[in-house]
């Protein structure tokens, strides 16, 4: 996790809020550093994490996690982390008997239906079991990323339904958190991506939007991060606060600074 | 409510916006966006209806019952019936927690429940219903729900049903938006500027022209509404009285002015296609020594008078 980002979000692993849907989105840049942040953040916060990793291999996330101070392999062995490795299991699905339900069952179907099997996987992974051992703090679902589902043929309403059910179960019932990454293609023609992004934005409590600089690539400033707080859980807190910072990604951390205040410029 | 009517009502103006939204009956469409959310206005309208003694039925698809009831005190919560389509709308849970029949039946069931007395139905949200039901069926059900088949004169005031629908504008194309808009008696579009929310309200009163009104407002934590004054734009340009007008003809690299002699010469010039009396005389009476007509030809620089070699490319 990046301590500077924690400061901006005013949160610590010990005092993380529960019952929230956090939306990560990126436009014209790679927002996966936010996924690595939240993965290591929630593992350090002693939460049970279900990680639906559709984009990279497990070893990739493990390597980045080690730079940030968590070992995914250890967490998985301890039972703290459940990973659905999309790249591997998408191939497995064609070599299994068809009767067994698979989280990525929609890949086998001609008309990609709904994501109920994927939801069932998440539910089984995060269901709180009281068997006397040290309980984890709260369940957390992390998805990298939802736009991949769109390109695999799932409709945007089906993805929204999946997130709806995860929100109802993980956030509301089990007081956990859901974090998901979506790409904003910026393409006015891509209606499905827009419906997905806007639909998720309406459901989210916190939106972190990483944007590339409008002026293009820069060596010292990799992009801009917009933070938008929506739907506060208590009616008395001020609604809809928004902050904007610029950032630079380094080997083991990300540094944030106010717009125009990059150390390289000053 | 025209501004003058509001002024005459005096203190009644503070409640005017919610009351006038609820007064027409039928379908009230609340169009919101990610930046300017509409659920708090929906809850303010629900609270207002409940305080007037009506029963309010909420079809909740997007938020849980606890979250919707949050902020309401017990007197309002007692009048609020929450039909839960949030927990298990598509019957994915193993022990079925879903409402029987799915979303469509839940929507139709509301019609039967509000049989007697004035009632308000809040749909949170129409966007969710539009994603899961075909648009024509949703429109027909809404039409039946808001009892628009009967003429306004036939409906007793006690039987009026009000349907409040929350719609997220960015999620739908112009077709469904237009269809729902044409069903609505009142349409509220939420937007704002500089942190201040505004509502553009379109009233479609029967047998009258549609009226458009803009109100700036804010919703307090207890879901009562407070009207605000339109925020002054800080970056307004200064008025013309204070800025001196700039003469654009100064500091030019070319000459725009004419001297007296140049002006006289210009004025005395006859234009070639202007038919003056001198020209008429010259044409009617050919001058002396001009028995035959003459052609005056001035060759251009690139004109070649050699007929043998018109392209001038023979190497001779």
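Assorted remarks:
- Applying the criterion of being outside any strand (DSSP E or B) and within 12 Å of chain A (Cβ to nearest Cβ) to the residues of the range B:158-173, the residue that is nearest to residue B:118 (Cα to Cα) is B:169.
- Criterion violated by residue A:182 - all others in (1) surrounded by 22 or more Cβ atoms within 10 Å (Cβ to Cβ); (2) over 18 Å from residue A:149 (Cα atoms); (3) within 14 Å of chain B (Cβ to nearest Cβ) satisfied: (2)
- Single residue of the range B:36-54 satisfying the filter (closer than 11 Å to residue B:120 by Cα and part of a helix (DSSP H, G or I)) that is nearest to the other protein chains (Cβ to nearest Cβ): B:47
- Strands (runs of 3 or more DSSP E) (entirely within the range A:190-262) containing at least 1 residues that are modelled with pLDDT under 85, within 14 Å of chain B (Cβ to nearest Cβ) and surrounded by fewer than 16 Cβ atoms within 10 Å (Cβ to Cβ): A:242-249
- Condition check for residue A:132: more than 14 Å from every other protein chain (Cβ to nearest Cβ), part of a loop (DSSP other than H, G, I, E, B) and at pLDDT below 90: yes
- Condition check for residue B:54: more than 22 Å from residue A:198 (Cβ to Cβ) and at pLDDT below 90: yes
- Residue in the range A:166-179 that is surrounded by the fewest Cβ atoms within 10 Å (Cβ to Cβ), counting only those that are within 13 Å of another protein chain (Cβ to nearest Cβ) and outside any helix (DSSP H, G or I): A:175
- Restricted to the range B:83-119, and to residues there that are part of a helix (DSSP H, G or I) and within 14 Å of chain A (Cβ to nearest Cβ), the residue that is modelled with the lowest pLDDT is B:102.
- Restricting attention to the range B:55-75 and to residues that are within 14 Å of chain A (Cβ to nearest Cβ) and over 28 Å from residue A:158 (Cα atoms), the residue that is farthest from the chain's Cα centre (by Cα) turns out to be B:73.
- Selection of the range A:117-126 for residues being touching a residue at least 12 places away in the same chain (Cβ under 8 Å), farther than 16 Å from residue A:98 by Cβ and more than 17 Å from the chain's Cα centre (by Cα) yields only A:120.
- The lone exception for residue A:148 - which of (1) buried (at least 22 other Cβ atoms within 10 Å of the Cβ); (2) within 21 Å of residue A:55 (Cβ to Cβ) it fails: (1)
- The single condition among (1) more than 14 Å from chain A (Cβ to nearest Cβ); (2) part of a strand (DSSP E or B); (3) closer than 30 Å to residue A:188 by Cβ that residue B:181 does not meet is (2).
The values are calculated or read from the model by the stated rules, or taken from the named source; none is laboratory data. Remember, it's a predicted structure, so these values are computed and weren't measured experimentally. Here Cβ is always computed from backbone atoms with ideal geometry, including for glycine, and neighbour counts include all displayed protein chains.
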